[in-house]
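Beneath this line is the structure, given in structure tokens, with notes to follow.
The values are calculated or read from the model by the stated rules, or taken from the named source; none is laboratory data. Fair warning: this is a prediction, and the values are worked out from it, not measured in the lab. Note: ideal-geometry Cβ built from the backbone for every residue, glycine included; neighbour counts use all protein chains shown.
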């Protein structure tokens, strides 16, 4: 009876990891060889791991990455322009803590989205909340929030995220007014959060994408000066291996 009450109280306290570990300990005949402090330490360790894993699962789900990606699976072929040393710099996610940006450019199929999702997932593993957006959907959401009066709340949501990822900037035409709203997003994040942007267009062509020279200058000023730059090269990774080998 006492055990059942203990489990009920642990569950009421949402200590599910400890409950699981306690159940396992009861099934281990040699567990009594450990003293009380050691058994308690095992219970606490399991609860800590359970909480960490649950937090990561929630962060990954809320990020809504387009694909499941991992830095461990990156392709470092020399022809791609992807440098292991640079990725190792980004792996620990100090750049997010320091509110720096990351700009990834390259042609269609060069692996920009995979790299962005892999970096974003790594940031989640380091304990930071991340939001991923495909650029056209990002601007549609921005326009919808503007139209229905929820823009202020949406901007607050973006400002609270340590990292936002905007994938494929410039892939679709965007009205100038939305780039002005985007400038406000970046302004709110200045010194408060990191931004990762991918684009098929080199950074020196982003003025043409944004069209309004004044807004373009302000956007690039907030993005480029403290950013890591990754320029991917080579043929599309989406081709069958036999075609890439030709």
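Would you check if residue 87 is assigned to a helix (DSSP H, G or I) and either touching a helix residue (DSSP H, G or I) at 6+ places or on another chain (Cβ under 8 Å) or surrounded by fewer than 18 Cβ atoms within 10 Å (Cβ to Cβ) (or both)? First the steps, then the outcome.
Values: assigned to a helix (DSSP H, G or I): yes; either touching a helix residue (DSSP H, G or I) at 6+ places or on another chain (Cβ under 8 Å) or surrounded by fewer than 18 Cβ atoms within 10 Å (Cβ to Cβ) (or both): yes.
Yes; evaluated as a whole, the condition is true for this residue.
Within the set of pairs 6 or more residues apart or between chains, which connect a residue that is on the phi > 0 side of the Ramachandran plot inside segment 226-237 to a residue that is at pLDDT below 70 with Cβ atoms less than 9 Å apart?
234/79; 234/244
Would you check which residues across segment 93-140 are in contact with a helix residue (DSSP H, G or I) (Cβ under 6 Å, 6 or more places away or on another chain) and at positive phi and list them?
Correct list: 93, 106.
Being surrounded by 13 or more Cβ atoms within 10 Å (Cβ to Cβ), assigned by TED's automatic domain parsing to the domain that holds residue 101, at pLDDT below 95 and under 21 Å from the mean Cα position of the chain (by Cα): is that true of residue 158 here? Before the answer, list the steps.
Numbers: surrounded by 13 or more Cβ atoms within 10 Å (Cβ to Cβ): yes; assigned by TED's automatic domain parsing to the domain that holds residue 101: yes; at pLDDT below 95: yes; under 21 Å from the mean Cα position of the chain (by Cα): yes.
Against the criterion (surrounded by 13 or more Cβ atoms within 10 Å (Cβ to Cβ), assigned by TED's automatic domain parsing to the domain that holds residue 101, at pLDDT below 95 and under 21 Å from the mean Cα position of the chain (by Cα)), residue 158 qualifies.
Determine which member of the set 143, 72 is in a helix (DSSP H, G or I), in the same structural domain as residue 168 (by TED's automatic domain parsing) and touching a helix residue (DSSP H, G or I) at 6+ places or on another chain (Cβ under 8 Å).
None of the other options fit; the residue is 143.
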